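The values are calculated or read from the model by the stated rules, or taken from the named source; none is laboratory data. All values reported here derive from a predicted model rather than from experimental measurement. Ideal geometry is used to build each Cβ from the backbone, glycine not excepted, and the neighbour counts take in all protein chains shown.
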Amino acid sequence: MPNVLILYASTHGQTAKVAARIAKALADDGVTAEVLDVHAGAEISLAGYDAAIVGASIHAGHHQREIVDWAKRNATDLSLIPTAFFSLSLTAAEDTDETLLVTRKYVDDFIDETGWSPSRTATFAGALQYREYDFLTRLLMRLVMRRGGHPTDSSHDYDYTDWDAVERFGHDCAGMIARPPVGSS
Ligand SMILES: Cc1cc2nc3c(=O)[nH]c(=O)nc-3n(C[C@H](O)[C@H](O)[C@H](O)COP(=O)(O)O)c2cc1C
């Protein structure tokens, strides 16, 4: 039975939910995974894991520093096992040529910065979690959303994640882990 790490960074909780849904899709396919928060404290090592799935979200144009640094430190070990990376952002909720390019660039920047080329990547629309934000973040997000013609009623959260796509990605990862790509150990 492969031992899989799902490591994530989540500022307001949506990436954590996506990580949990991917773990469930893996479990449905008979693959158990350990889901860990990169902010949890102790340094997380890949020793003992046969595959890794890493997730993060975009804030002010960047993935969380801690996950970028972790991937950078572990790029060599990551290159030896089947791996996947998923990224959450609000640009991924829009389907224009411009937003598709920006969403793709977030992932390309992550790969460039960390030196790790995951076997699979996915981008998912995140959520507007007004009720999770502190006063200033809520104000900022309402201003940004108003400018883009998006919801500004901060008494609600808005979930844009395509959960079916998340599950499909989880099943795809399970297949990759069960049948590692040629060349990986
Ligand atoms: C302060 C703040 C800044 C954000 N900046 C961006 C951004 O630059 N580009 C983008 O596409 N999404 C941006 N988002 C949207 C987040 O990526 C989205 O809300 C995601 O679901 C957050 O996931 P998390 O709850 O796991 O942190 C931002 C969200 C917040 C709260």
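Taken as a whole, the stretch 132-150 holds at least one residue that is within 21 Å of Ala19 (Cα to Cα) and outside the structural domain of Gln64 (by TED's automatic domain parsing). Residues in the stretch 38-53 that are within 11 Å of Ser10 (Cα to Cα) and surrounded by 17 or more Cβ atoms within 10 Å (Cβ to Cβ): Val38 alone. Give me a count of the residues in the stretch 83-124 that are within 16 Å of the ligand (Cβ to nearest atom), surrounded by 22 or more Cβ atoms within 10 Å (Cβ to Cβ), in a strand (DSSP E or B) and without any contact (Cβ under 8 Å) to a residue 60 or more places away in the chain. Here the count works out to 4.
Looking at Ile58, is it more than 16 Å from Gly115 (Cα to Cα), touching a helix residue (DSSP H, G or I) at 6+ places or on another chain (Cβ under 8 Å) and either assigned by TED's automatic domain parsing to the domain that holds Val107 or not aromatic (Phe, Trp, Tyr) (or both)? Answer is yes for this residue. Out of all the residues in the stretch 53-82, which are charged (D, E, K, R), without any contact (Cβ under 8 Å) to a residue 40 or more places away in the chain and within 16 Å of the ligand (Cβ to nearest atom)? Hit for the stretch 53-82 is Arg65, nothing else. Restricting the search to helices (runs of 4 or more DSSP H) fully inside the stretch 1-82 and requiring at least 1 residues that are within 11 Å of the chain's Cα centre (by Cα) and either of a type in the set (A, V, I, L, M) or at pLDDT below 95 (or both) gives 14-28, 65-73.
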